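What follows draws every value from the coordinates through simple rules; no lab data is involved. What you are looking at is a predicted structure, and each value in this text was computed from that prediction instead of being measured. Cβ placement follows ideal geometry from the backbone for every residue including glycine, while neighbour counts extend to all protein chains displayed.
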Amino acid sequence: MKPKTLRARTFLRKVRRHLRRWLARVRAVGKRYIVCGACGAKAPLFRIVDGVDYGDCFMCGSIAADASVIQAVDEGRFARTYDHAYWDMELAGARERAACGSLARVAEAVLYASRPVEAFIDIGCGPGLLLDALARLLPSKTCFHGVEKFPPPYRTDHPNYHVGDLADLPMRFDAGVCIEVIEHLTPKMVENLADALAAKSNEGALYLFNTGLADFVRSEDLSYLDPYNRGHIIAWGQQALRDIFEPRGFMFIPMRSWSFAIEYKCDNRVPLVQRAWDGLNADVLKDPEMGEVMWLLGRESARLYG
């Protein structure tokens, strides 16, 4: 990136931060404040869900549970645990996503990647239903892996299903997805995830995150905030995510109100939707038996949401 361009972008980012501070003061007059669980700034109360205060932070852009709740999660004192009851509740949604939406996100991530995709990771893959779906649609491909730190009792027997931390896997990755995960995580946990991704990524690796961001909650689904049943404690703002991923070598790429991408040590400015037509990794999504269904799904998803 040219120095003048970099200075201009840095200046504009500072201006936006000052505007957020000013808007926070103006729009929060007379409101009750909490401490933002995402960045620690004062944030006006946005909503109370099952007794948990959520603030709408104009500093980092997140809608986050109060910092005391986030601290309790980090210390293991929060009520939501990922036990059998949680997985029983989540299984229906996981099956639905694996049969449709998650496949589209995988196809998009492969097509958006700036480097050849030889190893792909599903981060926080739960029971591994997405791995099974990919095995049905792309039976000739062995590049797809999944990792889950808290596996349910019922899970896939796919050979590339890994139990444990991403940081402990023996390979590096070229692309991946993280679907309905980071809304459960505290800032410290997302920082650890970013560190692990940086350590396990080849240069140019791209990851697509599917999560309800703060704008999604504000304009589309207030019920996404759900501390005890689904364990959703933060609807992340773009600035908060930039502050975590960019210092670790990732370029943050905004997408939709429910998704974003990050790219490791890469300055590819080609728009994502255009990359979907470039064809670098088209063959990864084609199979001699099942044909081009995944490739077409990725291209159409990119065009629909691009």
Legend entry - 3J(HN,Hα) from dihedral phi, the range 128-135, Karplus parametrisation 6.51/-1.76/1.60, rounded to Hz, x for glycine, proline: x, 5, 5, 4, 5, 5, 5, 5
Inset, instruction - Net charge near ALA282: determine it from the other residues with C-beta under 10 Å of the C-beta of ALA282, scoring Lys and Arg +1 and Asp and Glu -1. - result: -1
Legend entry - Cys residues of the chain counted as unpaired, since no other Cys beta-carbon is under 4.7 Å: CYS100, CYS125, CYS143, CYS178, CYS266
Legend entry - Estimated dipole of the chain in Debye, rounded to 20 [Cβ of Lys and Arg +1, of Asp and Glu -1, Cα centre]: 1960 debye
Inset, instruction - Return, for the Cα atoms of the chain, the radius of gyration and Dmax in Å, separated by a comma. - result: 19.5, 64
Inset, instruction - Pop a pseudo-label 7 angstrom from the Cα along the beta-carbon direction at both GLU203 and ARG13 and give the gap in nm to one decimal. - result: 2.1 nm
Inset, instruction - Could you tell me the number of lysine pairs in the chain with C-alpha atoms less than 21 Å from each other, where the two lysines are 8 or more residues apart or belong to different chains? - result: 13
Inset, instruction - Just subtract the alpha-carbon distance of ASP165 and GLU300 from 0.36 nm times their residue separation and send over the number in nm, one decimal. - result: 45.3 nm
Inset, instruction - Please turn the phi angles of the range 262-269 into ³J(HN,Hα) values with the Karplus equation 6.51 cos²θ - 1.76 cosθ + 1.60 (θ = phi - 60°), one per residue in order, whole Hz, x for glycine and proline. - result: 10, 9, 8, 6, 9, 10, 6, 9
Legend entry - Label-point separation, GLU220 to LYS265 (7 Å along Cα→Cβ), nm: 3.4 nm
Inset, instruction - Find how many whole Å separate the alpha carbon centroid of the range 103-177 from the alpha carbon centroid of the range 229-306. - result: 15 Å
Legend entry - Helical mean residue ellipticity (222 nm; -39500 (n - 2.57) per DSSP H run of 4+; nearest 500) of the chain: -11500 deg cm²/dmol
Legend entry - Residue of VAL15, VAL117, VAL273 that the Gaussian network model of the chain assigns the largest fluctuation, springs spanning Cα pairs under 10 Å: VAL15
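How would you order 238-248, 57-67, 202-212 from highest to lowest mean count of nearby Cβ atoms within 10 Å? Each step should come with its number before you reach the end.
On the way: 238-248: 19.1, 57-67: 25.3, 202-212: 22.6.
Taking the mean over residues of other Cβ atoms within 10 Å, the ranking is 57-67, 202-212, 238-248.
Percent antiparallel among DSSP beta bridges with both residues in the chain, to the nearest 5?
Working: 26 of 42 bridges.
Looking only at bridges with both residues in the chain, the antiparallel portion is about 60 percent.
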Inset, instruction - Report the residue, chosen from ARG13, ARG47, ARG115, that carries the largest GNM mean-square fluctuation when the chain is represented by alpha-carbon nodes joined by springs under 10 Å. - result: ARG13
Inset, instruction - Quote the FRET efficiency, to the nearest 0.05, computed for GLU118 versus LYS31 with a Förster distance R0 of 51 Å and r equal to the Cβ-Cβ distance. - result: 0.50
